[in-house]
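Trainee: Quick one: this structure, given as structure tokens, is what I'll be asking you about.
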Amino acid sequence: MASPKKKLQGLVAATITPMTEHGEINFSVIGRYVDYLVEEQGVKNIFVNGTTGEGLSLSISERCRVAEEWVTEGRNKLDQIVIHVGALSLKESQELAQHAAKIGADGIAVIAPFFLKPWNKDVLINFLKEVAAAAPALPFYYYHIPALTGVKIRAEELLDGIQDKIPTFQGLKFSDTDLLDFGQCVDQNRQQQFAFLFGVDEQLLSALVMGATGAVGSFVFRDLSTLWSN
């Protein structure tokens, strides 16, 4: 079973993908971005190519290159780098998972496919299982964001027995306002020591009271314009 160097917890920055005025990825900024997070914000865990990073708006090659840059620049500075590898295509998601393992990422996360949507828990778990199996040495996190995917399968239902199907499963990024669902996830899975990472900044205090072990969001960003302008 995959196990991270230490449990993913506390603040996790959902990183922005820096762009030039011509719509090209500004890779030269990422090194300064790492220093900004570590030195000015005290954040050493990141979530790359997620919603804030517009991962699903990037090509596969761009996503790979962005992941590589974060891993390279974050080496010996960041504690954990989790790469979001979700995609509409199972094969593309598996390719991204394999790439994340190859470059030395610390974990992968996946959203539910949202064009031809899984219609029940078993279908969704089968998709996630196939992606996780492509990177069997990496901790696996499910990225629950039903407002964007339209997949309404409750996270509490999904977590029931999930490690029997996905041994590398380590936790959940919960980006939904349904605090009842989140609370049940926590209450019914305390013995598993999962990471319960909350992703709605406005409800974070409530989620912490309910047992969230960390938060993934853009709350650490105040003014990044100096990174882009230098």
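Trainee: Regarding segment 106-230, what are the three Cα extents along the principal axes, ordered largest first, in Å?
Mentor: 47, 32, 29
Trainee: Separate question: So what is the relative contact order of the chain, in percent, for Cα pairs below 8 Å that sit 6 or more residues apart? List each step's numbers first, then the result.
Mentor: Numbers: 405 pairs, mean separation 47.6, N = 230.
Relative contact order comes out at 21 percent.
Trainee: Over every pair of different alpha-carbon atoms in the chain, take the mean of 1/r and invert it; report that Kirkwood radius in Å.
Mentor: Evaluated on the chain, it is 17.6 Å.
Trainee: Take the solvent-accessible surface of the protein heavy atoms, probe 1.4 Å, and return the percent of it on segment 73-230 that carbon and sulfur atoms account for.
Mentor: That share works out to 51 percent.
Trainee: Quick one: which of 183-193, 91-101, 145-155, 26-36 comes out on top by average Cβ neighbours within 10 Å, and what's the full order, highest first? If you can, show how the numbers build up before the last one.
Mentor: Numbers: 183-193: 14.5, 91-101: 20.5, 145-155: 16.1, 26-36: 18.1.
Those peptides, ordered most packed to least, come out 91-101, 26-36, 145-155, 183-193.
Trainee: Once every Cα of segment 7-99 carries one equal point scatterer and solvent is ignored, give the base-10 log of I(q)/I(0) from the Debye formula at q = 0.10 Å⁻¹, two decimals.
Mentor: Each listed q maps to, in turn, -0.24.
Trainee: Do the sum for the chain: with -39,500 (n - 2.57) for every DSSP H run of n ≥ 4, divided by all residues, what is the mean residue ellipticity at 222 nm, to the nearest 500 deg cm²/dmol? Before the final figure, lay out the partial values.
Mentor: Details: 10 runs with 82 residues, N = 230.
It comes out at -9500 deg cm²/dmol, rounded to the nearest 500.
Trainee: Which whole-number percent is the relative contact order of segment 99-197 (Cα, under 8 Å, 6+ apart)?
Mentor: Values: 127 pairs, mean separation 27.9, N = 99.
Computed over segment 99-197, the figure is 28 percent.
Trainee: Tell me the label-point distance for the pair Glu130, Ser89, using the 7 Å Cα-to-Cβ offset, in nm and rounded to one decimal.
Mentor: Reported label-point gap for Glu130 and Ser89 is 1.3 nm.
Trainee: Stretch Lys165-Ser59 to full length: gain in nm at 0.36 nm per residue minus the Cα-Cα span?
Mentor: Gain on stretching Lys165 to Ser59: 35.2 nm.
Trainee: Here is a further query. Using every pair of alpha-carbon atoms in segment 74-145, split the distances into 10 Å bins beginning at 0 and state the percent of pairs per bin, rounded to integers.
Mentor: In order of increasing distance, the bins hold 21, 53, 21, 5, 0 percent.
Trainee: Counting only DSSP beta bridges with both residues in the chain, what percent are antiparallel, rounded to the nearest 5?
Mentor: Taking every DSSP beta bridge with both residues in the chain, the antiparallel ones total about 5 percent.
Trainee: Using Cα-Cα distances under 8 Å and only pairs 6 or more residues apart, what relative contact order does segment 42-106 have, in percent?
Mentor: It rounds to 40 percent for segment 42-106.
Trainee: Same structure, new question: Quick one: accessible area per residue over the chain, 1.4 Å probe, rounded to a whole number of Å²?
Mentor: Solvent-accessible surface per residue comes out at 46 Å².
Trainee: What is the diffusion coefficient of segment 81-120 in µm²/s, taking the Kirkwood radius over Cα pairs and the Stokes-Einstein relation at 10 °C with a viscosity of 1.306 mPa s?
Mentor: 151 µm²/s
Trainee: Would you mind putting 126-136, 102-112 in packing order, based on average other-beta-carbon counts within 10 Å, highest first?
Mentor: Top to bottom by mean Cβ count within 10 Å: 102-112, 126-136.
The values are calculated or read from the model by the stated rules, or taken from the named source; none is laboratory data. Because the structure is predicted, anything quoted here is derived from the model rather than measured. Ideal geometry is used to build each Cβ from the backbone, glycine not excepted, and the neighbour counts take in all protein chains shown. Calculation scope for accessible area: heavy atoms of the full protein, side chains included, ligands and nucleic acids excluded. Shrake-Rupley method; radii C 1.70, N 1.55, O 1.52, S 1.80 Å.
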